[in-house]
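The values are calculated or read from the model by the stated rules, or taken from the named source; none is laboratory data. Keep in mind the model is a prediction, meaning the values are calculated, not measured. For neighbour counting, all protein chains shown are included, and Cβ atoms are generated from backbone atoms with ideal geometry for every residue, glycine included. Each accessible area value is taken on the protein alone, full model and side chains, heavy atoms only, with ligands, DNA and RNA left out. Shrake-Rupley method; radii C 1.70, N 1.55, O 1.52, S 1.80 Å.
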Amino acid sequence: MTKVSSLLKLAATKDAADSLSTKKRLFDLPAGMVYLDGNSLGPLTHAAKQRAVSVVEQQWGQDLITSWNKHQWIDLPVKVGEKIAPLIGAGPEQVICCDSISVNLFKLLSAALAMRPERHKVLSTIDNFPTDRYMVQGFSDARVAPDVELISVSEADIVASIDDSIAVVMLTQVNFKTGYRLDMRKVTEKAHQHGCLVIWDLAHSAGILPVELDACQADFAVGCGYKYLNGGPGAPAFVYVAKRHQQHYRQPLQGWMGHANPFTFDPDYQAHQSIKQNLVGTPSVVSMSLLDAALDAFDETVMFDIANKGLDLAEWFICVLNKLQLDKLFEHIGHFDRNHSGAQVALHHPHAYAICQAWVAKGVVADFRAPNVLRVGFSPLFLSFQDIVIAAERLADVMQSTYYLNQEFQIKQAVT
Ligand SMILES: *Cc1c(COP(=O)(O)O)cnc(C)c1O
């Protein structure tokens with residue numbers, strides 16, 4: 001038996017024991033493709049596809065404006081927020097679906113800074129996702145709050161850098177490039193000891209890790225609708241404000257949808273005394289409807305099982321690379337450890353971009369993160385252990401024949 005066929009056999013026994021294996025049927029994946037990019041753009045579910053047809057043809061096409069009531073469009077942000085809440089360990093009335101992570105961060109940062117008026121520092125990591133950092137820099141660059149100072153440290157130095165001068169600690173729980181996972185409980189505890197507020201970005205943890213916002217006494221959080229939640233391209237994000245803060249929380253993007261009574265058309269703003277204050281303008285109904293439908297894939301799942309499978313897939317991938325001696329063909333494989341990683345693996349190579357393109361040409365989709373990372377994501381609802389072996393076999397093809405050196409794979413496209 002060849003190495004690959006014995007690995008496939010072993011993978012088949014893992015698949016047979018996988019309690020989540022039936023979830024794959026809910027997804028409308030292209031035949032023959034192995035999709036290792038659910039951490040960047042989750043794939044289409046049959047439910048979302050059907051909802052797209054009904055929301056466009058029936059609700060918009062036939063029922064038109066009556067759909068705000070008839071199909072409860074107006075309730076979508078709350079409804080979708082409440083569906084996301086149990087996935088991130090949040091009790092009711094604390095999560096709402098709206099806008100993008102970037103815009104939601106602006107709201108949270110403004111509100112949190114106003115809750116610590118004597119402090120001006122926001123502590124974050126130097127390699128946090130750029131938009132998170134840019135939003136803070138915007139406060140001083142655009143003179144919204146010129147005194148705000150962004151303090152940047154490495155992940156290893158976060159806890160030690162928290163002191164009484166910090167207003168807000170703003171962190172992404174799982175590093176978008178390396179997959180390194182921060183200890184939410186420990187960081188939040190330390191921050192609270194020093195009177196700081198914490199904003200967690202859950203872009204790479206919501207829908208893949210058992211996040212426990214309430215249990216960790218988190219203050220604020222944001223997360224993504226189009227990554228592990230499979231809401232579709234540009235799906236709206238979500239925002240979490242802990243119940244205990246809602247009374248004092250004021251965000252400055254005062255739109256009519258966040259008003260206490262939007263349909264009285266009051267000339268003066270009065271904030272909704274609830275999570276609804278985060279609404280700004282009219283919700284993106286079509287996109288939010290697709291996210292609503294996609295979230296049903298999480299019905300009857302336990303986040304702990306999802307997380308375990310994601311980490312098992314990542315470990316299995318590393319094991320298969322090793323067995324096929326592919327690990328040696330990379331500069332190094334990013335550190336992975338179940339207790340401190342998300343469900344992703346970073347392969348470092350000077351030709352990472354071209355390798356990624358060549359792998360795509362062989363039917364395996366992962367992504368490239370500048371300058372030299374091939375980022376591989378393991379979204380457990382639609383991936384099998386056999387898929388991982390198939391993907392690795394195709395990677396062996398790409399690497400051993402140096403197929404990736406072909407000219408066509410060198411051209412950088414607009415989105416990498
Ligand atoms: C994907 C991602 C975002 C995206 O922000 P948007 O404003 O919703 O585009 C933000 N933060 C992190 C950590 C991400 O990975």
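Any residue at all in the stretch 25-37 that's basic (Lys, Arg), outside any loop (DSSP other than H, G, I, E, B) and surrounded by fewer than 17 Cβ atoms within 10 Å (Cβ to Cβ)?
The initial filter retains those residues of the stretch 25-37 that are basic (Lys, Arg), namely 25.
Cutting the leftovers down to outside any loop (DSSP other than H, G, I, E, B) gives us 25.
Checking which are surrounded by fewer than 17 Cβ atoms within 10 Å (Cβ to Cβ) leaves us with 25.
Yes, the stretch 25-37 contains a residue that is basic (Lys, Arg), outside any loop (DSSP other than H, G, I, E, B) and surrounded by fewer than 17 Cβ atoms within 10 Å (Cβ to Cβ).
Condition test on Val4, is it under 23 Å from Ile318 (Cα atoms) and hydrophobic (A, V, I, L, M, F, W, C)?
Judged against the criteria, Val4 is a match.
Taking the stretch 229-256 as the region of interest, how many residues are part of a loop (DSSP other than H, G, I, E, B) and touching a residue at least 40 places away in the same chain (Cβ under 8 Å)?
So the answer is 16.
Look at the stretch 241-278 and say how many of its residues are touching a Pro at 6+ places or on another chain (Cβ under 9 Å) and within 16 Å of the ligand (Cβ to nearest atom).
1
Just to check your reading of the model, which residue among Ala206, Ala215 is aliphatic (A, V, I, L, M) and over 15 Å from the mean Cα position of the chain (by Cα)?
Answer to the selection: Ala215.
What's the number of the condition Ser154 fails, among (1) within 15 Å of the ligand (Cβ to nearest atom); (2) closer than 22 Å to Pro371 by Cα; (3) open to solvent by 30 Å² or more (accessible area, probe 1.4 Å)?
Among (1) within 15 Å of the ligand (Cβ to nearest atom); (2) closer than 22 Å to Pro371 by Cα; (3) open to solvent by 30 Å² or more (accessible area, probe 1.4 Å), the lone unmet condition for Ser154 is (1).
Can you go through Asn261, Asn230 and tell me which one is modelled with pLDDT of 95 or more, over 23 Å from the mean Cα position of the chain (by Cα) and either open to solvent by 40 Å² or more (accessible area, probe 1.4 Å) or not aliphatic (A, V, I, L, M) (or both)?
Numbers: Asn230 fails: over 23 Å from the mean Cα position of the chain (by Cα).
Exactly one residue qualifies, and that residue is Asn261.
Any residue in the stretch 206-216 that is over 30 Å from His46 (Cβ atoms), open to solvent by 10 Å² or more (accessible area, probe 1.4 Å) and in contact with a strand residue (DSSP E or B) (Cβ under 9 Å, 6 or more places away or on another chain)?
Yes, the conditions are met somewhere in the stretch 206-216.
What do you reckon, is Ser102 more than 30 Å from Trp359 (Cα to Cα), open to solvent by 10 Å² or more (accessible area, probe 1.4 Å), within 16 Å of the ligand (Cβ to nearest atom) and of a type outside the set (A, V, I, L, M)?
Values: more than 30 Å from Trp359 (Cα to Cα): yes; open to solvent by 10 Å² or more (accessible area, probe 1.4 Å): yes; within 16 Å of the ligand (Cβ to nearest atom): yes; of a type outside the set (A, V, I, L, M): yes.
Yes: the conditions hold for Ser102.
In the stretch 174-205, what count of residues is obtained for those that are within 16 Å of the ligand (Cβ to nearest atom), open to solvent by less than 50 Å² (accessible area, probe 1.4 Å) and polar (S, T, N, Q)?
Residues in the stretch 174-205 being within 16 Å of the ligand (Cβ to nearest atom), open to solvent by less than 50 Å² (accessible area, probe 1.4 Å) and polar (S, T, N, Q): 2 in total.
Here is a check on your reading of the model: is Asp214 out of contact with any Lys or Arg (no Cβ under 6 Å at 6 or more places or on another chain), charged (D, E, K, R) and free of Cβ contacts under 8 Å to residues at least 40 places away in the same chain?
Here the answer is no, as Asp214 does not meet what is asked.
Please work out which residue is nearest to Ile199 (Cα to Cα), limiting yourself to the stretch 129-141 and to residues that are open to solvent by less than 10 Å² (accessible area, probe 1.4 Å) and within 16 Å of the ligand (Cβ to nearest atom).
Of everything passing the filter in the stretch 129-141, Asp132 is nearest to Ile199 (Cα to Cα).
Return the pair list, or none, for Cβ contacts closer than 8 Å from residues in the stretch 155-176 that are in contact (Cβ under 8 Å) with a residue 40 or more places away in the chain to residues that are open to solvent by 40 Å² or more (accessible area, probe 1.4 Å) and among the hydrophobic types (A, V, I, L, M, F, W, C), at least 6 apart or on different chains.
Every condition considered, the pairs that remain are Ile166/Ile151; Thr172/Phe129; Phe176/Phe129.
Tell me the residue from Leu41, Leu108, Leu26 that is touching a residue at least 60 places away in the same chain (Cβ under 8 Å), in contact with a strand residue (DSSP E or B) (Cβ under 6 Å, 6 or more places away or on another chain) and within 16 Å of the ligand (Cβ to nearest atom), please.
The conditions single out Leu108.
For Val144, are the conditions met, namely being within 25 Å of Ala114 (Cα to Cα), touching a helix residue (DSSP H, G or I) at 6+ places or on another chain (Cβ under 9 Å), open to solvent by 50 Å² or more (accessible area, probe 1.4 Å) and not charged (D, E, K, R)? So that I can check it myself, show each step before the final result.
Values: within 25 Å of Ala114 (Cα to Cα): yes; touching a helix residue (DSSP H, G or I) at 6+ places or on another chain (Cβ under 9 Å): yes; open to solvent by 50 Å² or more (accessible area, probe 1.4 Å): yes; not charged (D, E, K, R): yes.
For Val144, the condition - within 25 Å of Ala114 (Cα to Cα), touching a helix residue (DSSP H, G or I) at 6+ places or on another chain (Cβ under 9 Å), open to solvent by 50 Å² or more (accessible area, probe 1.4 Å) and not charged (D, E, K, R) - is met.
I'd like to check something: does the stretch 222-240 contain any residue that is more than 21 Å from Pro43 (Cα to Cα) and more than 14 Å from the ligand (Cβ to nearest atom)?
yes
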